[in-house]
1. Could you tell me which of the residues N223, N177 is without any contact (Cβ under 8 Å) to a residue 60 or more places away in the chain and not in a strand (DSSP E or B)?
2. Looking only at region 119-141, decide whether some residue is more than 25 Å from W92 (Cβ to Cβ) and surrounded by fewer than 18 Cβ atoms within 10 Å (Cβ to Cβ).
3. Surrounded by 19 or more Cβ atoms within 10 Å (Cβ to Cβ) and either modelled with pLDDT of 95 or more or within 15 Å of H110 (Cβ to Cβ) (or both): does that describe G159?
4. Being surrounded by fewer than 19 Cβ atoms within 10 Å (Cβ to Cβ) and under 17 Å from the mean Cα position of the chain (by Cα) is the filter here; which residues of region 168-188 pass it?
5. Name the pairs: first residue in region 65-83 and under 17 Å from Y95 (Cβ atoms), second residue of a type in the set (D, E) and part of a loop (DSSP other than H, G, I, E, B), Cβ to Cβ under 8 Å, at least 6 apart or on different chains?
6. With the structure loaded, tell me whether I155 is β-branched (V, I, T), part of a loop (DSSP other than H, G, I, E, B) and within 14 Å of the chain's Cα centre (by Cα) or whether it fails that test.
7. Could you list, in sequence order, all residues of region 66-96 that are within 15 Å of D126 (Cα to Cα), touching a strand residue (DSSP E or B) at 6+ places or on another chain (Cβ under 9 Å), hydrophobic (A, V, I, L, M, F, W, C) and in a loop (DSSP other than H, G, I, E, B)?
8. Which of (1) at pLDDT below 95; (2) of a type outside the set (A, V, I, L, M); (3) within 18 Å of the chain's Cα centre (by Cα); (4) under 18 Å from H140 (Cβ atoms) is the odd one out, the single condition S104 does not satisfy?
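The values are calculated or read from the model by the stated rules, or taken from the named source; none is laboratory data. This structure is a prediction, so every number in the text was calculated from the model and none was measured. Note that each Cβ is placed from the backbone with ideal geometry, even for glycine, and that neighbours are counted across all protein chains shown.
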Amino acid sequence: MSRPISRRRLLTLILTSLAAAGGAIIAWLTHRPAPIVVVIEPTQIPPTPTTIPSPTPQTLVIVPRDQWGARPPDHGAINEFGVTNDPTNPAWYVYPDNLADVYSTVAIHHSAILLSTNETMRDVQDLHMDTNHWADVGYHYCIDKNGIVYEGRNIHARGSSVAGYNTGTIGVCVMGNFEIDFPLEIQLTKLQQVVNWLTTTYTLTHLATHHEFNPESVCPGKNMLAYIDPLAQKAGLERGIGGYVKPI
């Protein structure tokens, strides 16, 4: 016959069990994978002709069209040809395939408007629609002088940024006139981040300037050129227009 347990003994057993359980819980908590916390800490070192900021991992925030007040595309614009399902037709064309199978190249542009004018995304769209008479803003993404990234033309639609080579090319514009201005450090940081993201998302292979596609243009400006090779190198991209494939 077992002896009855004393009150002190019972209390000791309960406390011992609780301590063991608590230790197990603490061990479980301390060995769980830590959540990934992304912190944006841009460098304050001004860019030089031989360097470009190396952005740390961070969340890329893109302002969508409806938030910056984008106008809807105008497929009846003077310099447009309606809508087509034929990729060889210069009209508005929406890619029917997986975009990673379509895109190969990112083309770098400047807006050719001085930074001091405080140009907005709507200004860029109005210029392209009201002066160039295109259906929409020609670039897929733009970066303003504050480093804010904007969605331009829908990424599923063929852009209008490099005449004769738009199929399979993503147009990215940095706002400013870099024949006169110098790109700001925050713009270069965001540009690298955007290019890295596009490269990974759409398995891009090449990076080129507007001038390389269309030599009559000075875009993206002489003061941007020193950053183009490092930009491509850090994204793992080849330089030039060699990735372009003519639609058939």
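1. N223
2. No: zero hits.
3. In short, yes.
4. Result: E185, I186.
5. P73/D136
6. yes
7. Within region 66-96, A70 is the sole residue that qualifies.
8. All conditions are met except number (1).
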